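Here it is, the structure in full.
The values are calculated or read from the model by the stated rules, or taken from the named source; none is laboratory data. Note that this is a predicted model, so its numbers are computed, not measured. For neighbour counting, all protein chains shown are included, and Cβ atoms are generated from backbone atoms with ideal geometry for every residue, glycine included. Surface accessibility is based on the protein's heavy atoms, side chains included, excluding ligands, DNA and RNA. Shrake-Rupley method; radii C 1.70, N 1.55, O 1.52, S 1.80 Å.
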Amino acid sequence: MSDLIAAQPGNTGEVLSLDGVTVWLSGRTVLDDVSFSLHQGQLAGLIGSNGAGKTTILRVILGLQSVASGLVNIRPGFRPGKPGGIGYVPQKVVIGKDVPLRARDLVGLGLDGARAGFPFPSRAKRLAADQMLEAVGMTGFANARVGSLSGGELQRVLIAHSLVSKPSLLLLDEPLANLDIASEQDVVALLSRLCREQEIAVLVTAHDVNPLLSVMDRVIYVARGNVASGTTGEVIRQDVLSALYGHHVDVLRVHNRILVVAEAGLEPQSGDTERQFGAQGDSGAPGEAGSTGPDANG
Amino acid sequence: MAEHMLIPGLLALASPYPALSATPLGSSPVQTALLVGGAVAVASAMVGLFTVVRGQSFAGHALGDVGTAGGSVSYLFGLDVLVGFVGIALITAALMDLFGIDREEGRDVATGGVLGSMLGVGALLLYLDSTLPGSSGSAMVILFGSLFSIPGAAVPFAIMLSLLVAGGVGLLFRPLLLDSVNSDLARASGIRRRVVGRMYLLLLALGIALSSLTIGAILSTALLVGPAAAAAVLFRRPLHAFLAAVAVSVLSVWAGIFLSYYSYYWPPYGHGWPVSFFVVAIIFATYLGARGYCQTLGRRTGSIPGPLPTLDRGPL
Ligand SMILES: Nc1ncnc2c1ncn2[C@@H]1O[C@H](COP(=O)(O)OP(=O)(O)OP(=O)(O)O)[C@@H](O)[C@H]1O
Ligand SMILES: [Mg+2]
C-alpha cells in the first residue's frame with residue numbers, strides 16, 4: 001500500500017502557508033487576516049461552524065478565490081492535478097443518475113482528466129484506479145454508476161479520485177459529513193495513514209473537532225472569518241476560543257470528547273451545534289449534548 | 001408518373017432538384033441527404049452527450065428556437081440557410097455567455113432572457129419571409145429542415161462544419177467530461193474551465209445549427225440530446241455511451257431519410273412526410289425503449305451484475 005502515493009523524499013518543511021489573507025465576497029469580509037501554515041506529513045483540521053469560512057479558505061488555496069490582500073504560499077511545483085500537486089474533494093458534489101460514468105472512470109479522470117482526447121481504456125490507468133478504489137474500500141463499486149452511489153460511497157470515490165494523481169497536498173472539504181460513525185473512523189484512519197506513510201499534507205475541514213482529535217497534528221479553528229491555529233492543546237482552550245469568537249465560551253471535556261459551548265443565544269462552536277440548539281428549546285443544559293458521546297466512541 | 005413526384009417530402013416544396021431514380025440510393029438528393037445528414041448526426045450526437053451530462057438541454061433548445069430568426073435572415077438576403085443558423089447561434093451563444101450561462105445558478109434565467117428577446121425578432125423575420133415573392137417554402141425549411149433540398153454549394157460547408165464540431169468535441173472530451181460531471185473537480189485538476197465552458201458553448205451553437213439544417217430549428221434539440229439521452233441510459237462507460245449516441249443518431253437520420261422517401265407512396269398520396277417527423281419519432285422511440293429496457297431488465301441505473309456490493313472495510 002505504501003507505494004500508492006509518491007512521497008517527496010528529503011523534502012520536509014512547509015508545504016503551505018497563508019499570510020494575512022483577507023477575502024471580500026459581495027461586500028462582506030468573509031476571511032479577515034487569516035494566517036496559518038502546514039508542513040509535510042501533517043494532518044490539520046480546519047474546524048468551524050456553518051458559514052465560518054472553511055470552504056473559502058480551501059478555495060483560496062486552490063486559486064479559485066481571489067484575495068483582497070495577503071499572500072498564499074504553496075511550495076513551488078504544486079499544481080492541481082499534477083503528481084506532487086494538490087488533490088481536492090469538494091464539499092458537495094451532485095452527479096445525475098443517468099450520467100454515463102462508473103466509479104472507476106471517475107477515478108481514472110483524476111489521472112488524465114485534464115488531457116485532450118478520448119478516455120481510451122488502458123491497463124495502467126485501470127490498475128491505478130482499482131488500487132485507489134481498494135484503498136478507500138470501494139472495490140465492489142468499481143463498475144457502479146457514480147450517480148447511483150450513496151453520499152458516503154461517492155465521498156470515498158471522490159477521495160480516490162483526488163488521490164490517484166499522487167498529490168502532495170490533499171484538501172478535503174467536510175469529508176466526514178456524509179458518513180456513518182464506522183465509515184467516519186475508516187476515513188479518518190485512511191487520512192492518518194496517508195500522512196504517516198506517504199508524507200502527504202492533509203487539510204480536512206469539519207464542523208466537529210471530535211472525530212479528528214486522535215489524528216490531528218494541528219487544528220485551525222475558524223470563526224467569523226478569523227482563525228486560531230496550533231496544536232489542539234494550544235487552540236481548544238477557553239481563553240483562545242473566547243477571544244476568537246468574541247464572547248465567552250466554555251470548553252468541556254466529556255468522555256474523551258470536546259464540547260465547545262456558549263451561553264444560550266450566542267454561537268456554540270463544536271460539532272454538536274445542531275444538537276445543542278435542538279436541546280436548548282427544552283432545557284438548555286449544555287451537559288445534555290454529552291449524551292451523544294458514548295456511541296461516537298464505541 | 002411525373003418525375004418530380006418521386007421526390008419525397010419537402011423536396012416537392014423547396015427543391016430545385018429533380019429525382020433521378022426510382023430507388024432512393026440512386027437519387028442525388030437522397031445521396032446528399034444521407035451524406036450531410038450522417039455527418040451532422042455524428043457531430044450533434046457528440047455535442048449532445050455533454051449537453052445531457054451538463055443538464056443544458058434548455059440552452060440547446062433556445063439556440064435552436066432562435067435559429068428561426070437566423071434562417072429567416074438567410075432568406076431575406078438570399079444566403080444559404082445554414083449560414084443564418086450558424087450566425088444566429090453564435091450571436092446567441094455569445095449573449096448567453098455574457099449573461100452568465102456558465103454559472104450554474106441563473107443559467108436558465110440567462111437562457112430564457114436571451115431566448116425571449118430573440119424569438120420576437122425571429123417571428124417578425126419569419127413573417128417578412130413569407131411575404132417575399134418566391135419564398136413560399138422558406139418557413140417550412142426553417143422550421144422543419146431541408147435535408148432534401150440542400151444546394152450543392154452548401155454541402156461542403158455543412159460537412160466541414162460537422163467535422164470541425166466532431167473534432168472539437170473529440171479534442172475536448174476528457175476535460176469537458178470532468179467539467180460536465182463537476183466543475184469544482186475540473187478546476188482542481190487544473191482545467192481552465194472558463195475556456196472549456198466557452199468552447200463547449202461554441203460547439204453547442206454549431207451543433208444546433210447543423211441539427212437545424214437537418215430536422216429544422218424547432219426540433220433540432222431532439223437530434224442533439226435524444227440519441228445521447230438514450231445512450232446514457234443504456235451505457236455506463238463514457239466511451240460506450242458516446243459510441244452508442246453516435247450510432248443511434250446516424251441510424252435515426254438515415255432511417256428517417258428512407259422512410260420519408262417511401263412515405264411519398266403513403267396517404268395522403270403525392271405529399272411525402274417530412275424527414276424531421278421520422279427522425280424525431282425514431283429517436284423518441286429509442287429513448288423510451290432504452291428507459292423501458294433498463295427498468296425491466298437492468299436495475300435502476302444500469303445493472304450492476306451479481307449481488308449488490310458492500311463497503312469493503314478491509315484495507316482501511
Ligand atoms: N459568493 C458569495 N457571496 C457572498 N457571500 C458568500 C459567497 N460565498 C460564500 N459567502 C459567505 O461566506 C461565508 C463563508 O462561507 P464558506 O462557504 O467558506 O463557509 P463554510 O465554513 O465552508 O461553511 P459550511 O460549514 O456551511 O460549509 C458564509 O457566510 C457565506 O454565506
Ligand atoms: Mg463549506
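Could you list the chymotrypsin sites (Phe, Trp or Tyr not before Pro) in segment B:186-282 that lie in coil according to DSSP, counting only those with at most 10 other Cβ atoms within 10 Å of their Cβ?
Counting only loop positions with at most 10 other Cβ atoms within 10 Å, the chymotrypsin sites (Phe, Trp or Tyr not before Pro) in segment B:186-282 are B:Tyr269.
Using the Cβ atoms and a cut-off under 13 Å, what net charge is assigned to the surroundings of A:Cys195, where Lys and Arg are +1 and Asp and Glu are -1?
0
Additional query: When you count, for each residue, the other Cβ atoms within 10 Å and take the mean per peptide, how do B:68-74, A:41-47 rank with the highest first?
With the highest mean Cβ count within 10 Å placed first, the list reads B:68-74, A:41-47.
If you don't mind, there's one more thing I want to ask. Just reorder B:Tyr127, B:Tyr293 by solvent-accessible area, largest first, 1.4 Å probe, all chains present.
B:Tyr127, B:Tyr293
How far apart, in nm, are two points set 7 Å out from the Cα along the Cα-to-Cβ line at A:Arg115 and at B:Ser28?
4.8 nm
Something else: For labels at A:Ser122 and A:Asp250 in the simple 7 Å Cα→Cβ model, what's the distance in nm?
So the label points at A:Ser122 and A:Asp250 sit 6.0 nm apart.
Could you tell me whether segment B:27-310 comes out rounded, prolate or oblate from its Cα gyration tensor? Rule is a ≥ b ≥ c as square roots of the eigenvalues, rounded for a/c under 1.5, then prolate if a/b exceeds b/c, otherwise oblate.
Oblate.
On to the next question. Rounded, prolate or oblate: which one fits segment B:161-253, using the alpha carbon gyration tensor with axes a ≥ b ≥ c (rounded when a/c is under 1.5, else prolate when a/b beats b/c, else oblate)?
oblate
Modelled label-to-label distance, B:Phe58 and B:Ala255, 7 Å Cα→beta-carbon offset: nm?
That separation, rounded to one decimal, is 3.1 nm.
On to the next question. Could you order peptides B:148-158, A:54-64 by the average number of other Cβ atoms within 10 Å of their residues, highest first?
A:54-64, B:148-158
Express in nm, to one decimal, how much length is gained between B:Leu171 and B:Thr296 on full extension, taking 0.36 nm for each residue of separation and deducting their alpha carbon distance.
Residue separation times 0.36 nm, minus the Cα-Cα distance, leaves 41.4 nm.
What FRET efficiency, computed as 1/(1 + (r/R0)^6) with R0 = 25 Å and r the Cβ-Cβ distance, is obtained for A:Asp19 and A:Gln238, rounded to the nearest 0.05?
According to the calculation, E is roughly 0.35.
I would also like to ask the following. Which peptide among B:138-147, B:43-52, A:196-205, A:250-259 comes first, and what is the full order, when sorted by highest mean count of other Cβ atoms within 10 Å?
Final packing ranking: B:43-52, B:138-147, A:196-205, A:250-259.
If you average the alpha carbon positions of segment A:11-68 and of segment B:180-242, how far apart do those two centres end up, in angstrom?
35 Å
Then there's this: Counting only other chains, and only Cβ atoms inside 10 Å, what mean value do you get across the residues of A:139-146?
Across the residues of A:139-146, the mean count of other-chain Cβ atoms within 10 Å is 6.
Follow-up question, since we're still on this one. Rounded to the nearest 20 Debye, what is the dipole magnitude of segment A:84-151 about its Cα centre when Lys and Arg each give +1 and Asp and Glu each give -1 at the C-beta?
The calculation lands at about 100 debye.
Report ³J(HN,Hα) in whole Hz for each residue of segment A:119-129, in order, from the Karplus equation J = 6.51 cos²θ - 1.76 cosθ + 1.60 where θ = phi - 60°; Gly and Pro get x.
x, 5, x, 9, 4, 4, 5, 5, 4, 4, 5
Provide a whole-number value for the mean count of partner chain Cβ atoms within 10 Å of the Cβ atoms in peptide A:102-108.
Whole-number average of other-chain Cβ neighbours for A:102-108 is 3.
While we're looking at this one, here's another question. From largest accessible area down, sort A:Met138, B:Met118; use a 1.4 Å probe on the protein chains.
B:Met118, A:Met138
Return the long-range amide H neighbours of B:Gly272 (sequence gap of 5 or more, or a different chain), with a cut-off of under 5 Å between placed amide H atoms.
Sorted by chain and number, the residues that satisfy this are B:Gly9.
Taking every residue in A:147-159, how many Cβ atoms of other protein chains lie within 10 Å of its Cβ, on average?
Per-residue shielding by partner chains comes out at 2.
Same structure, new question: What is the distance in Å between the Cα centres of segment B:31-100 and segment A:189-262?
54 Å
Under a 1.4 angstrom probe, counting protein chains only, how are B:Arg236, A:Arg156, A:Arg126 ranked by accessible area, largest first?
Output order, biggest surface exposure first: A:Arg126, B:Arg236, A:Arg156.
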